[in-house]
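Student: One structure is given below, represented as structure tokens, and several questions about it will come after.
The values are calculated or read from the model by the stated rules, or taken from the named source; none is laboratory data. Model, not experiment: these values are computed from the prediction. Positions of Cβ are generated from backbone atoms using ideal geometry, with glycine treated the same way; all protein chains shown enter the neighbour counts. Areas reflect the complete protein model, heavy atoms only, side chains present, ligands, DNA and RNA absent. Shrake-Rupley method; radii C 1.70, N 1.55, O 1.52, S 1.80 Å.
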Amino acid sequence: MREDLASAIKAGLRSHRFGQRLHVYPQVGSTNDEAATLAAQGAAEGTAVLAVEQTGARGRRQRAWLSPAGGLWLSVVLRPALPADQWPLVGFAAGVGAAGAVEEIAHVRVGLKWPNDLMLGEQKLGGVLTESRGPVVIAGIGVNANIALDHFPPDLRPIATSLLNVLKHPVDLAALARALLEQFERVYDLLALHAEDVLAGWRERDLTRGRQVRLSGAQELEGVAEGVDRTGALLVRTGTGIRRIVAGEVSLRSVSVQPP
Ligand code: BT5
């Protein structure tokens, strides 16, 4: 199965680097860890790791990421030639690339929720985890593709969704992986030339802009989301002015508010 999947992805892959070296495993702990191991052994930029199933996948802050067979679980080795203060934008490039790939294959509109949730409507379809190790960034992307909702534990069912749940038919996982590698590469390469264009792609899909949000984590506040600035920080208008948020969790409040 994994040879089939690997050759199905590589057949017709139009990227230059991303996925040209591709490792497909039936099961791993986390594709990000496998990619980091390969990077430490000198793997070239664009080397990709895909697993049918992950047993110890994680989100941000070591949160568990459910990864049964049927999803797209992919990590790419990156060696960004960018100033360090632009590295956070790599995650935004991954989000824009992944959203574009899902739209190309599944013909559904994908929203992005800061910092990097892939959303269908108000429910989470996937997420991005970027981790840096020295000069390397590992970009991990998870998309709930062909997963029936009863595979999710009860606490995730109200907040998560999958393409299968929405489309009522499975998507071609190899085609989705291929589109993701191609689109992510294109958007990533744009970062070094026109980072503003990457942010523009992100802003087009921004689900929170103009909406009342609550921020939790290191700082707690409520306000109206005003979009992201050029560093990727979230701007929130509160009663005491605009706050610039670099880390934390955003939840959408149900009432939507028009920006002035
Ligand atoms: C993320 O974290 O959204 C980043 C997820 C990245 C996963 C990919 S898969 C390939 C690569 N290998 C890895 O080990 N990771 C990456 P965060 O924003 O922290 O969201 C985590 C939260 O999402 C959890 O606490 C759950 O509430 C929820 N969650 C867990 N699994 C989910 C799933 N499959 N679909 C939707 N929500 C999920």
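Student: Among the residues of segment 133-173, count how many are under 17 Å from residue 31 (Cα atoms) and not in a helix (DSSP H, G or I).
Tutor: 11
Student: I would also like to ask the following. With respect to residue 182, determine if the residue is closer than 22 Å to residue 45 by Cβ and of a type in the set (Asp, Glu).
Tutor: It is true that residue 182 is closer than 22 Å to residue 45 by Cβ and of a type in the set (Asp, Glu).
Student: Follow-up question, since we're still on this one. Just to check your reading of the model, which residue among 114, 87 is aromatic (Phe, Trp, Tyr) and within 14 Å of the ligand (Cβ to nearest atom)?
Tutor: The unique qualifying residue is 114.
Student: For a quick check of your reading of the model, give me the residue pairs whose first member lies in segment 53-75 and is closer than 21 Å to residue 174 by Cα and charged (D, E, K, R), whose second is open to solvent by 20 Å² or more (accessible area, probe 1.4 Å) and more than 7 Å from the ligand (Cβ to nearest atom), with beta-carbon atoms closer than 8 Å and at least 6 apart or on different chains.
Tutor: Correct list of pairs: 53/26; 53/27; 53/68; 53/69.
Student: Could we say that residue 82 is outside any helix (DSSP H, G or I), at pLDDT below 95, in the same structural domain as residue 136 (by TED's automatic domain parsing) and open to solvent by less than 40 Å² (accessible area, probe 1.4 Å) here? Can you show your working first?
Tutor: Values: outside any helix (DSSP H, G or I): yes; at pLDDT below 95: yes; in the same structural domain as residue 136 (by TED's automatic domain parsing): yes; open to solvent by less than 40 Å² (accessible area, probe 1.4 Å): yes.
Criteria met by residue 82.
Student: With the checklist (1) surrounded by fewer than 18 Cβ atoms within 10 Å (Cβ to Cβ); (2) among the basic types (Lys, Arg); (3) more than 30 Å from residue 70 (Cβ to Cβ) in hand, flag the one item residue 211 doesn't pass.
Tutor: That leaves (1) as the condition not met.
Student: Follow-up question, since we're still on this one. Scan segment 88-109 and report the pairs whose first residue is over 16 Å from residue 232 (Cβ atoms) and part of a helix (DSSP H, G or I) and whose second residue is small (Gly, Ala, Ser) and modelled with pLDDT of 95 or more, with Cβ atoms within less than 6 Å and a gap of 6+ or a chain change.
Tutor: Pairs found: 101/179; 104/179; 105/175; 105/179.
Student: Here's another thing I want to ask about it. Considering each residue of segment 1-45, count those that are outside any helix (DSSP H, G or I) and of a type outside the set (A, V, I, L, M), and give that number.
Tutor: Adding up the residues that qualify gives 18.
Student: What residue, among those in segment 146-173 that are of a type in the set (D, E, K, R) and more than 30 Å from residue 234 (Cα to Cα), is surrounded by the most Cβ atoms within 10 Å (Cβ to Cβ)?
Tutor: 172
Student: Let me ask something else. Given the options 176, 191, 252, name the one that is surrounded by 15 or more Cβ atoms within 10 Å (Cβ to Cβ), at pLDDT below 95 and outside any loop (DSSP other than H, G, I, E, B). Quick ask: steps written out before the conclusion?
Tutor: Details: 176 fails: at pLDDT below 95; 191 fails: at pLDDT below 95.
Of 176, 191, 252, the one residue that is surrounded by 15 or more Cβ atoms within 10 Å (Cβ to Cβ), at pLDDT below 95 and outside any loop (DSSP other than H, G, I, E, B) is 252.
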